Each structure stands twice: as C-alpha cells, then as structure tokens.
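The values are calculated or read from the model by the stated rules, or taken from the named source; none is laboratory data. Computed from a predicted model, the values in this text were never measured in an experiment. A quick note on method: Cβ atoms are made from the backbone with ideal geometry, for glycine too, and the neighbour counts reach across all protein chains shown. For the accessible areas, the whole protein counts, side chains as well, though only heavy atoms, and no ligand, DNA or RNA atoms are used. Shrake-Rupley method; radii C 1.70, N 1.55, O 1.52, S 1.80 Å.
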Amino acid sequence: MPKTTPPDEEPKIWAMVTQSLIDALKARGCAPDALLDRFGLSETTPLDPYRDIPLRQYVAAFEAAAAYVGDSHFGLSIARNLSPLTLGPVGLLFTSAPTLGAALTGFIDYNWLVQQGTSCRMTRDGDTCVFRYRIEDKRIFPRRHDAEFSLAIVVEMMRSRAGAAWRPLEVHFEHAAPANLQPHNAFFKAPLYFNQPANELMFPVKDLALSGNGGDHRVYGIVEHYLGMLRERAVPARSVEDKVRRMASDHFPGDGCFNMTSTAQSLGLSTSTLQRALRKSGGSFSTIKQDKRRALTENYLVDSDLSITEIAHVLGYADGACFTRACRRWFGMTPSMYRKQQQAARRSSDATIPTPTT
C-alpha cells in the first residue's frame, strides 16, 4: 500500500536513516556537522529516529558528502557490510522473514513509511524478478549516490539471506555511468546498464523461495503487526488522481501502455468517470502524462550523458522539434540550454562545499 505525497508537500524520510551518512563521514575523519549544517541536519538528527526530515535535504547532503570526502563512489562504498537494522523495523522485518520473497514483499510494503516520494516495487517477467527503486519527486536532483546506496543496501540485505556469493542477473541505474566502474563490478558482480528509466535489480524468480539465515521467524509477525499499526496511522485516503499518478510511475512514456482506456479498466471505472474524477481534482490524464515526461526529461538532461536526440526518442517524442517545444514550455529554454544551465549550477554548488576538517 504505497503512500503518495501531494505535489506541493515535501516528501520525508525517517531521521534514523541519516546515521549511516554520519558514520561514513566520521570513518573518514570528518566532522559531520561541518557539512550537515548546510542541509538543516546534524550529528544529533538520528537521536529522534522516527522524526520526519525532508528527503530533498537528505539526498542533497548525501550528494554533497561524496564531494566533501573526495569519494566518487561514496553511496556504493558506505552500503558495504551495512546492517539491515539501519532501516529500523523495516530492516528487522527483512531479516526475520521466512523466505527472501516474503522479505522483499515486506520491505516494499512498508518502505514508504521510512521514505516517501519514491517508487519501490517488484514485478515478474517470466523467470526473472525485477526490483525497482526510484525517487519520483522531480525536485530531487542530483541523486546518483542515493540510487547506488539504495540498490547496494538491498543487495547486501539479500546476501544476508541468500549468502555472500549471491549476485543479481543485471543492475540498472537511471544516471550516467561513472568514469570508473571497477567498484561497481566488484560489488554487484553482474552486468551494469546506465541511463535507464529506473534503478533496478534483476534476479531469478526461484531465489524468492530461499529460506536464508535461520533467524527466528516469529519476530516477523510481531514486527509486521507493529508496522501495520504505523501504516494505519500514516496512510491517507488515496484519490483517483493519486492512483493514476502511481500507475504512471510504473510505465515509460514511450512504451504505449499507459493510456486512458487501460487505466480506467485497471481502476474499475469508465473512461468518462475517470475524466470527471480527474477534472474534479483540478487535473487531467494528459497533465499526469506530461508531468511524468517532464520529470524524466529533467533526470536525463541533468543526470545522464544521453544526447538530446536520444532523450527525445526514449521519451516517445516524434522528433527533436516536438521535444524542444515541450522543453521551452516547461523550462523556458531549449533542452541543450537547460542542460548547460543545470550543469553550471551543479559545478557552482560543488565549489561551495567546505574542505573536510578533523
């Protein structure tokens, strides 16, 4: 039961998650508050573990920390050997589940309590399972290190159940490939693909049946009951627009599968009822599709090395001219101008990061 976040509301993350970032800075001989203060965080933030803090501030601090410590693989490196309990009761649910499939299902069902504004789900394609993670809030860029940290910690948790030799079949990232892939190859031990629609792990369906680490599975029911109570308190009533936007996140603009008719059928509504419900909330189906396209456009222009022509193609635009018109409407400038502006802004931001102090 995923949680949606109104577009004008900042998605949040539990304060406890910042502990791994703080520990990583300390391990490198840095004073955490010298960096975290810029983002409204501090070394004491995790002391109130269930307090909500803005996800945007956490991700920005994560990205800045990579430059701060001079580690271009920061997100990947700090996930190594990290305990699932970093995620609190959601991590405990994972470790106590009877099978790897139950562990992943519980993680997906309750991860939105820990972190809002993201897609986290699992699908099957024949004999292959696909675990998907993606921050959907288009305001949160860049986010490469969060993506690499998130997939890496899921792999670490799966290895805690399936054994240290476990490896995915493929790993997909939405950002561009870094210059040095050796740390990625060493950690994932699987084919890597970049500039993808989402961050994904592919693995055999049969792995879902793995029973794993021999933990006390009675704990699973206790923790699930506790998380269920937290969910009942937190979950809002989901509007039709919320549901349609959630469905939009499951599809790629160019795949032709997300349309008014199929969406109405999935919701058990007629197309006219769906249109009326969206109008009542002040939206429309075309607006939701365009919002999805805009979010992906910002991602690809800012965080990938795809050419403008390639981006137009993968987003389903008939030609580059149509894509340019859309960018002028969204950003007031051409896609190449927007890319240059955002890259310049990132370089300027990186230049303001303080020198580490011990």
| Odd one out for Thr95, checked against (1) β-branched (Val, Ile, Thr); (2) in contact with a Leu (Cβ under 7 Å, 6 or more places away or on another chain); (3) over 23 Å from Phe62 (Cα atoms) | (2)
| request: Please go through segment 17-37 and pick out each residue that is assigned to a helix (DSSP H, G or I) and in contact (Cβ under 8 Å) with a residue 60 or more places away in the chain. | output: Val17, Gln19, Ser20, Ala34, Leu35
| field | Leading residue by the ranking (farthest from Trp112 (Cα to Cα)) among those in segment 38-60 that are under 22 Å from the mean Cα position of the chain (by Cα), of a type in the set (A, V, I, L, M) and not in a loop (DSSP other than H, G, I, E, B) | value | Ala60
| Of the numbered conditions (1) at pLDDT 90 or above; (2) open to solvent by 40 Å² or more (accessible area, probe 1.4 Å), Ser239 satisfies every one except a single condition; which is it? | (1)
| said: Can you tell me which of (1) at pLDDT 95 or above; (2) surrounded by fewer than 18 Cβ atoms within 10 Å (Cβ to Cβ) is the one Asp52 doesn't meet? | reply: (1)
| request: Would you list the strands (runs of 3 or more DSSP E) that sit entirely within segment 96-182 and hold 2 or more residues that are buried (at least 22 other Cβ atoms within 10 Å of the Cβ) and hydrophobic (A, V, I, L, M, F, W, C)? | output: 128-135
| message | Can you say whether Ala176 is more than 17 Å from Gly91 (Cα to Cα), of a type in the set (Gly, Ala, Ser) and in contact with a Ser or Thr (Cβ under 7 Å, 6 or more places away or on another chain), as far as the supplied structure shows? | response | yes
| note | Filter segment 307-339 for residues that are more than 25 Å from the chain's Cα centre (by Cα) and basic (Lys, Arg); the one that is surrounded by the most Cβ atoms within 10 Å (Cβ to Cβ) is Arg328
| request: Report yes if some residue within segment 204-218 is of a type in the set (Asp, Glu), touching a residue at least 12 places away in the same chain (Cβ under 8 Å), more than 24 Å from Gly88 (Cα to Cα) and open to solvent by less than 50 Å² (accessible area, probe 1.4 Å); otherwise report no. | output: yes
| The listed residue being open to solvent by less than 50 Å² (accessible area, probe 1.4 Å), of a type in the set (S, T, N, Q) and at pLDDT 85 or above, out of Thr263, Thr287 | Thr263
| query | Pick from segment 183-201 the residues that are of a type in the set (Gly, Ala, Ser) and assigned to a loop (DSSP other than H, G, I, E, B): which of them is nearest to the chain's Cα centre (by Cα)? | reply | Ala198
| query | Among the residues of segment 25-40, which ones are among the aliphatic types (A, V, I, L, M) and open to solvent by 10 Å² or more (accessible area, probe 1.4 Å)? | reply | Ala27, Ala31, Ala34
| field | Conditions (1) part of a helix (DSSP H, G or I); (2) under 29 Å from Ser72 (Cα atoms); number of the one not met by Leu306 | value | (1)
